[in-house]
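Below: the structure, in structure tokens.
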Amino acid sequence: MNKTVLITGASRGIGAAAARLFAKEGCHVIINYRKSKAEAEKLAAETGAEIFCADVRDRSQVDAMFSACGGVDILINNAGISRFGLFSDLTSAEWHEMLDTTLTGAYHCIQAALPHMIHQKDGRILNISSIWGITGASCEAAYSTAKAGLIGMTRALAKELGPSGIRVNCVAPGVIDTDMNAHLTKETLASLQEETPLGTIGTPEDVARLLLFLAGRGGDFITGQVISPNGGFVI
Ligand code: NDP
């Protein structure tokens, strides 16, 4: 696929798996990261991708990244953080950090990507939500709120940008084996597996393959959808 893809938060986990797969498929891959420079550099050496350090919460850093990398055909808004705790204990700083990273970050990147996509009358925007944005998770109210917000943004933009040939979709994974879930105990992981009809938690590659499908010809007639690779955990 002869396209330029920018993946936010691609130094690790799902973003890194997507960077590997899109590079293997012949894309020009731009890996965005915030803190994990060594991981991003290693991945760039492995895949031939470009890397850009930018905190997606910061408009000027995002604009500088998009100006430096030129037109982006496929944007994957993947950067994310998790926060576990009682809603009563959630601080204002934690609330804003969650919404700024997930929602404002996507808003910044989409606005920066649009001029090129509108000019081309073609583009793919893939927002990484979560099953918790669909069903809500106890003790993850800020995360669930932000991920549900991405679903709303996806649906609205699919309507607004469809006439410009731009497809906007959400991928809402179930439990995936990445650093984000490293805090889960063996017992919790085992019970999550047990509750999953397919009997396993997902891998970053499971999500990456779906992203590639939606970014390619498979996604030609798909927009405004929420597709959830989750092993049947949420049906
Ligand atoms: P990881 O914690 O493994 O990776 C998170 C990535 O986001 C890192 O590359 C990190 O970069 C980046 N990031 C965080 N904040 C920022 C920021 N402000 N600006 C730029 N990059 C940032 O998470 P996963 O790979 O598991 O998650 C990827 C996405 O998938 C997230 O949106 C997550 O919510 C979502 N998701 C994950 C699930 C799971 O079970 N793992 C399930 C459902 C959804 P750096 O290290 O450089 O700071």
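The values are calculated or read from the model by the stated rules, or taken from the named source; none is laboratory data. Just so it is clear, the model here is predicted, and its values are computed rather than measured. Cβ atoms come from the backbone with ideal geometry, glycine included; neighbour counts cover every protein chain shown. Calculation scope for accessible area: heavy atoms of the full protein, side chains included, ligands and nucleic acids excluded. Shrake-Rupley method; radii C 1.70, N 1.55, O 1.52, S 1.80 Å.
Pull out all pairs, ordered by first then second residue, where Cβ-Cβ is under 7 Å, the residues are six or more apart or on different chains, the first lies in segment 73-97 and is in contact (Cβ under 8 Å) with a residue 60 or more places away in the chain, and the second is among the basic types (K, R) and open to solvent by 60 Å² or more (accessible area, probe 1.4 Å).
Cβ pairs passing all conditions: D73/K3; I74/K3.
Would you confirm whether or not segment 130-141 contains a residue that is crowded, with 18+ Cβ neighbours inside 10 Å and in a strand (DSSP E or B)?
No.
Applying the selection to segment 192-233, what residues are more than 11 Å from the ligand (Cβ to nearest atom) and β-branched (V, I, T)?
Going residue by residue through segment 192-233, those that are more than 11 Å from the ligand (Cβ to nearest atom) are 193-200, 205, 209-210, 212-227, 231-232.
Within segment 192-233, T196, T200, I222, T223, V226, I227 qualify.
When the residues of segment 173-191 are filtered to those that are in contact (Cβ under 8 Å) with a residue 40 or more places away in the chain and within 7 Å of the ligand (Cβ to nearest atom), which remaining residue is most open to solvent (accessible area, probe 1.4 Å)? Even if it seems obvious, please write down each step before you answer.
Applying the first criterion (in contact (Cβ under 8 Å) with a residue 40 or more places away in the chain) to segment 173-191 yields 173-176, 178-180, 183.
Now narrow it down to the ones that are within 7 Å of the ligand (Cβ to nearest atom): 173-176, 178-180.
On the way: P173: 9, G174: 13, V175: 26, I176: 11, T178: 28, D179: 90, M180: 69 Å².
By that ranking, first place goes to D179.
Just to be sure, is E50 farther than 16 Å from K3 by Cβ and of a type in the set (D, E)? Please lay out each step first, then the result.
On the way: farther than 16 Å from K3 by Cβ: no; of a type in the set (D, E): yes.
When the stated conditions are applied, E50 does not pass them.
Check off (1) under 20 Å from I222 (Cα atoms); (2) away from the ligand (no atom under 12 Å from the Cβ) for G136 and give me the number that stays unchecked.
Exception for G136: condition (1).
Matching residues to (1) in contact with a Leu (Cβ under 8 Å, 6 or more places away or on another chain); (2) closer than 17 Å to M180 by Cα:
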| site | (1), (2) |
| --- | --- |
| Q120 | no, no |
| I125 | yes, no |
| S130 | no, yes |
| G133 | yes, yes |
| C139 | yes, yes |
| A142 | yes, yes |
| A146 | yes, yes |
| M153 | yes, no |
| A156 | no, no |
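Scanning segment 52-79 for residues that are assigned to a helix (DSSP H, G or I) and within 23 Å of Q120 (Cα to Cα), which turns out farthest from the ligand (Cβ to nearest atom)?
Going through segment 52-79, the residues assigned to a helix (DSSP H, G or I) turn out to be 59-69.
In the following step, the residues that additionally are within 23 Å of Q120 (Cα to Cα) were identified as 62-69.
Values: V62: 9, D63: 14, A64: 13, M65: 10, F66: 14, S67: 17, A68: 15, C69: 15 Å.
It comes out as S67.
Just to check your reading of the model, which residue among I14, I30 is more than 10 Å from the ligand (Cβ to nearest atom) and of a type in the set (A, V, I, L, M, F, W, C)? Can you show your working first?
Numbers: I14 fails: more than 10 Å from the ligand (Cβ to nearest atom).
It is I30.
Inspect segment 147-162 for any residue being outside any helix (DSSP H, G or I) and either open to solvent by 10 Å² or more (accessible area, probe 1.4 Å) or away from the ligand (no atom under 16 Å from the Cβ) (or both) and give the result as yes or no. Break it down into steps so the answer makes sense when it comes.
Taking segment 147-162 as the starting set, the residues that turn out to be outside any helix (DSSP H, G or I) are none.
Taking every residue of segment 147-162 in turn, none turns out to be outside any helix (DSSP H, G or I) and either open to solvent by 10 Å² or more (accessible area, probe 1.4 Å) or away from the ligand (no atom under 16 Å from the Cβ) (or both).
Of all residues in segment 22-52, count the ones that are of a type in the set (K, R) and touching a strand residue (DSSP E or B) at 6+ places or on another chain (Cβ under 8 Å). Break it down stepwise before answering.
First, the residues of segment 22-52 that are of a type in the set (K, R): 24, 34-35, 37, 42.
Among the residues that remain, those that are also touching a strand residue (DSSP E or B) at 6+ places or on another chain (Cβ under 8 Å) are: 34, 37.
Of the residues in segment 22-52, 2 are of a type in the set (K, R) and touching a strand residue (DSSP E or B) at 6+ places or on another chain (Cβ under 8 Å).
Would you check which residues across segment 96-129 are crowded, with 23+ Cβ neighbours inside 10 Å, assigned to a helix (DSSP H, G or I) and within 12 Å of the chain's Cα centre (by Cα) and list them?
T102, G105, A106, C109
Is it true that A113 is over 24 Å from A16 (Cβ atoms), in contact (Cβ under 8 Å) with a residue 12 or more places away in the chain and of a type outside the set (D, E)? Even if it seems obvious, please write down each step before you answer.
Numbers: over 24 Å from A16 (Cβ atoms): no; in contact (Cβ under 8 Å) with a residue 12 or more places away in the chain: yes; of a type outside the set (D, E): yes.
No.
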